[in-house]
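What follows is a short report on a single structure.
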Amino acid sequence: MDRKISVVTGGSKGIGKSIAEQLIKDGYFVIVADVDEPATTKSSGFVSCDISNYDDVVSLFGLLRKKYGHIDVLVNNAGIIRDNMIWNMPKDDFDFVVDVNLKGTWMMCKEAAKIMREQKSGKIVNISSRAWLGNNRGQSNYTASKAGIVGLTRVLALELGKYGVNVNAVAPGLIDTPLTQGLTEEVMKGLINAQPTKKVGKPEDIANAVSFLISEKSNFITGQIIHVDGGRSIGSTIF
C-alpha cells in the first residue's frame, strides 16, 4: 500500500481524536488503536487494542505488517490518570497508570522500532505532559509515568537515529478536554491565572505540534520535548 500509514493510540476522543483528524488532513491513513471505538471518518481505520497488554500490541503490529508492510508514523497518545496524595494512593492505581502511560508507550515503541528500523524511516511522537516537571501535587503516579516518557523518548532517539527514525515528545499543559471541563470554576480560574498567556489551550494546538514533528520540516529534529502549554513550564505568573 503506497499511502502513508500512521497509528494513533487513544485516538477515539479528546487530544487523540484531534491528532487523528489532523493526520488525515495531512494525507495519512490513520489507524486508531484504542479500547473505545470512535465514530471514525471514512479515511480512518480502527483496531481494538489495550496498549498495556503486550499480546494486543504484538497482534496490532502483526496486522500492520501483514496488511500494509510498513508504518510511517506512531503517535503514542493513550493515557490515564488516577490522582491521589501518595499516602492515600492504592498500589493498583500506581500500577495501572504506569502500565498504560509508560509501559504501554514502551511496548508500542518497541514493536514500531522493529519495522521502522528495517525500513530505515519513520517518525515517533510520544505525548508526555507538563506534569513531568514534577509540580503537580497528587499526581505521583502520573508524573512518574510522564517523566518516564521523556527519558524513553531521548534514549530511543539515540538508538534509532542512525536508522532514519526520529523520536520526539509533546508535553501538553492546560488543554480544553473533558478532563479539564470537569474542574470547578474556581480551580479553572486559578489555573488560567497561573498561565503566562492567561488562556487554555485547545486539542488542535497539540495536533498542530504533532503535525509538524511528523513532517519533513522536522527531519533534523529528534530527542526533543516540545512544551505546548502556554508558557506554563517556564513558571507561574500570578498577577
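Any read-out appearing in this document is the output of simple, stated calculations on the displayed coordinates, not a laboratory observation. Keep in mind it's a predicted model, so treat the numbers as computed, not measured. Here the Cβ is made from the backbone with ideal geometry for all residues, glycine too, and neighbour counts use every protein chain on show.
Could you tell me whether the stretch 84-147 comes out rounded, prolate or oblate from its Cα gyration tensor? Rule is a ≥ b ≥ c as square roots of the eigenvalues, rounded for a/c under 1.5, then prolate if a/b exceeds b/c, otherwise oblate. Oblate is the answer for the stretch 84-147, as a/c is 1.5 or above yet b/c matches or exceeds a/b.
Footprinting exposure proxy ranking of Glu159, Glu186, fewest other C-beta atoms within 10 angstrom first, gives Glu186, Glu159. Model label points for Glu37 and Asn53, set 7 angstrom from Cα along the Cα-to-Cβ axis, are 1.5 nm apart.
Want the number for Ser233 to Leu191: 0.36 nm per residue separation, take away the alpha-carbon distance, what's left? Could you put the intermediate results ahead of the total?
Numbers: separation 42, 0.36 × 42 = 15.12 nm, distance 1.27 nm.
Extending this stretch completely gives an extra 13.9 nm.
Sequentially through the stretch 4-9, phi angles give Karplus couplings (6.51, -1.76, 1.60; θ = phi - 60°) of 6, 9, 10, 10, 10, 7 Hz, Gly and Pro residues having no value and appearing as x. Between Asn208 and Lys66, the simple spin-label model (points 7 angstrom out along Cα→Cβ) gives 4.1 nm. Among rounded, prolate and oblate, which fits the stretch 195-239 when a ≥ b ≥ c are the square roots of the eigenvalues of its C-alpha gyration tensor, a/c under 1.5 means rounded, and a/b larger than b/c means prolate? Since a/c reaches 1.5 but b/c is at least a/b, the shape of the stretch 195-239 is classed as oblate. Between 0 and 90 degrees, the angle of helix 203-213 with respect to the longest Cα principal axis of the chain falls at about 40 degrees.
Taking the chain as the reference, fit the longest principal axis to its C-alpha atoms, fit the long axis of helix 54-67 to the helix C-alpha atoms, and give the angle between the two in degrees, 0 to 90, nearest 10. Roughly 40 degrees, rounded to the nearest 10.
Note the full-extension length gain between Asp26 and Phe96 as 0.36 nm times their separation in residues minus their Cα-Cα distance, in nm to one decimal.
Details: separation 70, 0.36 × 70 = 25.20 nm, distance 3.35 nm.
Working it through step by step, the gained length comes to 21.9 nm.
Would you mind classifying the stretch 71-222 by shape? Square roots of the alpha carbon gyration tensor eigenvalues, ordered a ≥ b ≥ c; an a/c under 1.5 is rounded, otherwise it is prolate if a/b is larger than b/c and oblate if not. Verdict is oblate for the stretch 71-222.
Here Lys162 and Lys13 are evaluated by their C-beta separation; at R0 = 45 Å the FRET efficiency comes out at 0.75. Using only Cα atoms, locate the centre of the stretch 102-154 and the centre of the stretch 169-239, then give the distance between them in Å, rounded to an integer. Between the Cα centres of the stretch 102-154 and the stretch 169-239 lies a distance of 17 Å. Placing a pseudo-label 7 Å from each Cα along the Cα-to-Cβ vector at Leu179 and Lys4 gives an inter-label distance of 2.7 nm.
In the structure shown, the pairs Lys13/Lys66; Lys66/Lys120; Lys4/Lys66; Lys17/Lys189 are assessed against 23 Å; a Cα-Cα span above that value is assigned to Lys13/Lys66; Lys17/Lys189. Helix 14-25 and the long axis of the chain differ in direction by around 40°, with both axes built from C-alpha atoms.
Scan the chain and hand back the longest stretch that contains none of the trypsin sites (Lys or Arg not before Pro) lying in DSSP loops with at most 12 other Cβ atoms within 10 Å. All intermediate terms of the calculation are to be shown ahead of the outcome.
Numbers: sites that count: Arg3, Lys42, Lys120, Arg137, Lys198, Lys199.
Excluding the exposed sites themselves, the longest stretch runs over 43-119.
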